[in-house]
Ligand SMILES: C[S@@+](CC[C@H](N)C(=O)[O-])C[C@H]1O[C@@H](n2cnc3c(N)ncnc32)[C@H](O)[C@@H]1O
């Protein structure tokens, strides 16, 4: 297995957003290799405290090693960040960071099955100990229409129906078991035609999101995270694709409003005043500088959004 390697993105920007301070209490819901956590602990010396969560036991082990110099100032939990309120009381935190998606380590470990750059089992579970369905279970088991919906909804794949129908035909002869088998098959159905992006990229994104229930976790996790912050505390969220970013943006806009409404449409007559729960900082989000993108191409698609908790009446 490769050594745990993951370069945290927008590191300075996250530290600037959270303004860690001595005595502060922080939550890193996506600990990964512990890069953001180490920076937060460093900046909140000598006694800032951090609660760290990750769904991936391998990430937790790597983070514990990375953070060893801060022993006594952090605790780690093997969990989905949407359950972080089991370890933090309402109003008890000064900052929360969520760096969504998968780490480079997960992507670069063929046995995890996230990537088609190297062949591996079609797994994609962030938590392999969960016993939940793998990507192969979805590809081989879902009805063709559901598979098409999945590719469309979570991959925004325009050829979703064609690809799903072809998969359903193929799997009758030979089930899909490896990442390259699936990627090569999709490339045969939808040839690349000069595009720099591999034709399987969107379907892989969709399968990863579905296998891990990623967007549901983000939606629920954001709702449950905000009340954990003390007034003035900040929630910093980094997303890597438009579906995630839309959820984060909509959440932050909604929480910053000084009114609420019932039903699907925001109509002035249906509004009821309330005090905003948050204040959005940098409304368009913060993206990586060109030097960071040069040094770490993964940073190209990252967008950081920040919400500050407002005092409640
Ligand atoms: C982009 S990496 C985080 C890297 C980390 N910030 C660092 O500096 O090394 C994302 C991590 O979040 C974890 N993860 C993703 N969604 C999660 C969730 N809903 N709950 C807990 N961990 C999650 C993944 O397993 C992965 O280790």
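The values are calculated or read from the model by the stated rules, or taken from the named source; none is laboratory data. Remember, predicted model here, so these are calculated numbers, not experimental data. FYI the Cβ positions are ideal-geometry reconstructions off the backbone, even for glycines, and counts take in every protein chain you see.
Considering only the stretch 138-149, state which residues are surrounded by 14 or more Cβ atoms within 10 Å (Cβ to Cβ) and part of a helix (DSSP H, G or I). Spell out how you get there, then give the answer.
Step one: of the stretch 138-149, the residues surrounded by 14 or more Cβ atoms within 10 Å (Cβ to Cβ) are 138-140, 142, 144, 147-149.
Those that are surrounded by 14 or more Cβ atoms within 10 Å (Cβ to Cβ) and part of a helix (DSSP H, G or I): 138, 139, 140, 144, 147, 148, 149.
Of the residues that sit in the stretch 263-279 and are surrounded by fewer than 10 Cβ atoms within 10 Å (Cβ to Cβ) and part of a helix (DSSP H, G or I), which one is farthest from the chain's Cα centre (by Cα)?
In the first step, residues of the stretch 263-279 are kept if they are surrounded by fewer than 10 Cβ atoms within 10 Å (Cβ to Cβ); the result is 263-265, 267-269, 272-273.
Restricting the remaining residues to those that are part of a helix (DSSP H, G or I) gives 268-269.
Values: 268: 34, 269: 36 Å.
Only one residue tops the list, namely 269.
From the list 7, 19, which residue is surrounded by fewer than 20 Cβ atoms within 10 Å (Cβ to Cβ) and at pLDDT below 95?
Values: 19 fails: at pLDDT below 95.
The unique qualifying residue is 7.
For residue 40, only one of the following conditions fails: (1) crowded, with 23+ Cβ neighbours inside 10 Å; (2) not assigned by TED's automatic domain parsing to the domain that holds residue 248. What is its number?
Checking residue 40 against (1) crowded, with 23+ Cβ neighbours inside 10 Å; (2) not assigned by TED's automatic domain parsing to the domain that holds residue 248, the one that fails is (2).
Check residue 117 against each of (1) within 24 Å of residue 236 (Cβ to Cβ); (2) part of a loop (DSSP other than H, G, I, E, B); (3) away from the ligand (no atom under 14 Å from the Cβ) and name the one condition it does not meet.
(1)
Could you please let me know if residue 187 is surrounded by fewer than 16 Cβ atoms within 10 Å (Cβ to Cβ) and touching a helix residue (DSSP H, G or I) at 6+ places or on another chain (Cβ under 8 Å)?
No.
Looking at the stretch 177-218, which of its residues are more than 26 Å from the chain's Cα centre (by Cα) and either outside any helix (DSSP H, G or I) or outside the structural domain of residue 126 (by TED's automatic domain parsing) (or both)?
190, 191, 192, 193, 194, 195
Is at least one residue of the stretch 215-233 at pLDDT 95 or above, touching a strand residue (DSSP E or B) at 6+ places or on another chain (Cβ under 6 Å) and either within 13 Å of the ligand (Cβ to nearest atom) or closer than 30 Å to residue 118 by Cβ (or both)?
yes
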